[in-house]
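Enquirer: First the structure, then my questions, so here it is.
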Amino acid sequence: MKKVFSLLLVIFIFSFIGIISIDAAELKFSSNSVSVGKSVTLDIEKIISGNEYSLSFEDGYFDISSNTCGNRTSITSNCKLTLVARTSLSLTENKVIGFTLTEKASNDKTTSSSITINANKTTTKPTEPVATTTKQETKKSNNTNLKTLDVKTSDGGRVELTPTFKSDVYEYSANVSGTVKTISIDATLEDSKATFIVSNNVNDELVAGENNKITITVTAEDGTKRTYTINITREALTADATLKELIIDEVEDFELIEDKYNYTIKIAKNVKELSLSYVTSDDNATVEIEGNENLKDGSKVRITVIAEDGTKKVYTLTVSKEKANTKTNTSNIETEKNPLIIMTLSIIAFGLIGGIVYVVKK
């Protein structure tokens with residue numbers, strides 16, 4: 001009977017130990033040490049279904065390059081973390097980092113493990129035992145900051161950024177007038193060994209009335225990348241292609257009528273060119289004039305108004321020249337001749353009368 005009881009007791013103890021081992025989650029590193037800039041994998045295993053765990057470790061020593069665990073404070077299944085010892089670390093001695101996995105409901109420390117980050121040590125070449133100098137591996141910079149950033153218009157004007165530029169602020173906005181077609185980027189880097197690339201659309205004409213997104217991607221010496229974004233809004237272009245005022249010196253009674261674009265004007269026969277003065281309704285509109293030379297009867301002078309957005313409207317002036325009045329001219333000539341005829345006849349008449357008187361007296 002005692003043997004049976006002892007056997008049952010042994011079975012119970014092993015069963016209990018088995019239950020405990022089932023409840024105990026595990027932390028396993030792919031290596032027990034890691035060097036600066038190198039990666040190591042942490043496997044979280046034997047997570048009990050239905051339980052929730054949190055993983056804690058000392059911050060500032062690792063970057064997580066891949067993560068199948070999701071939120072480190074809410075782990076519910078087996079997963080993996082790939083940890084990279086930060087390149088910015090400068091250790092004079094090895095650093096041991098502890099990792100703790102805690103079951104949240106009971107707040108019991110389920111399990112813990114640790115990994116050693118190797119210090120940056122100098123080494124000598126084994127093939128050169130005579131050499132007394134050591135060579136330390138040069139750490140590459142991860143500085144991705146811009147030192148200055150200026151945006152300028154095509155005519156050299158400065159574009160104000162919002163907010164004011166700071167190296168640790170990575171998104172900006174700016175507004176430019178509708179007359180600004182292109183901009184340029186002038187930037188410098190905090191680290192001379194870094195490089196930057198501006199997006200290709202920086203050379204394109206800005207789309208009016210829309211946001212134009214331009215990016216500057218900085219690559220650090222160690223390959224780390226950072227992007228600065230500038231959102232530039234160009235004001236919408238006006239479409240007004242009308243004249244507010246038109247004066248023709250040769251036509252005193254000319255009147256510009258709204259929404260009327262064709263006019264017939266009468267000018268003197270000797271006028272070869274019109275003297276035109278005009279004012280556009282929109283200051284940003286431009287004007288082109290054609291046909292205003294060697295004017296003849298029936299000539300057409302075209303005044304084309306071009307709005308800021310390219311809209312065009314044409315005012316047409318059809319020339320009608322005054323014709324010479326031949327009857328009036330003939331009448332004037334005859335009128336001019338009449339006094340001469342009268343004077344001549346008068347002289348002849350006086351001569352005849354004088355002659356007659358002379359004869360009579362004889």
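The values are calculated or read from the model by the stated rules, or taken from the named source; none is laboratory data. Since the structure is predicted, the reported quantities are computational estimates derived from the model, not experimental observations. Backbone-built Cβ (ideal geometry, glycine too); neighbour counts: all protein chains shown. Calculation scope for accessible area: heavy atoms of the full protein, side chains included, ligands and nucleic acids excluded. Shrake-Rupley method; radii C 1.70, N 1.55, O 1.52, S 1.80 Å.
Enquirer: Hand me the trypsin sites (Lys or Arg not before Pro) from region 237-306 located in a DSSP loop with no more than 14 other Cβ atoms within 10 Å, in residue order please.
Expert: Listed in order of number, the matching sites are LYS260, LYS269, LYS272, LYS296.
Enquirer: Here is a follow-up. Net charge near LYS181, counting Lys/Arg +1 and Asp/Glu -1 over other residues with Cβ under 9 Å of its Cβ?
Expert: 0
Enquirer: Near VAL271, within a Cβ-to-Cβ distance under 14 Å, what is the net charge of the other residues, with Lys and Arg +1 and Asp and Glu -1?
Expert: Computed value for this residue: -1.
Enquirer: Further question: Would you please name the GluC sites (Glu not before Pro) within region 182-274 that are DSSP coil residues with at most 10 other C-beta atoms within 10 Å of their C-beta?
Expert: GLU252, GLU255, GLU258
Enquirer: On to the next question. What are the aspartates and glutamates whose alpha-carbon lies under 17 Å from the alpha-carbon of LYS166, with same-chain residues fewer than 8 places away excluded?
Expert: ASP150, ASP186, GLU190, ASP191
Enquirer: Hey, another quick one. If you roll a 1.4 Å probe over region 187-258 with all protein chains in place, what percent of the accessible area is carbon or sulfur?
Expert: Numbers: 1840 of 4250 Å².
So the carbon and sulfur contribution to the accessible surface is 43 percent.
Enquirer: Exceeding 18 Å between C-alpha atoms, which entries from my cross-link table qualify? They are LYS80/LYS140; LYS28/LYS109; LYS260/LYS312; LYS244/LYS321; LYS152/LYS193.
Expert: In this structure, LYS80/LYS140; LYS244/LYS321; LYS152/LYS193 exceed 18 Å between Cα atoms.
Enquirer: Could you do me a favour and compute the accessible area per residue for region 172-215, 1.4 Å probe, result in Å²?
Expert: Accessible surface, normalised per residue, equals 58 Å².
Enquirer: While we're on this one: Determine the order of LEU276, LEU42 by accessible area, beginning with the largest, at a probe radius of 1.4 Å.
Expert: So the residues, ranked largest to smallest area, are LEU276, LEU42.
Enquirer: Related question: With every protein chain left in place, what is the accessible area of ASP297 in Å² (1.4 Å probe, nearest 10)?
Expert: Surface open to solvent at ASP297 totals about 100 Å².
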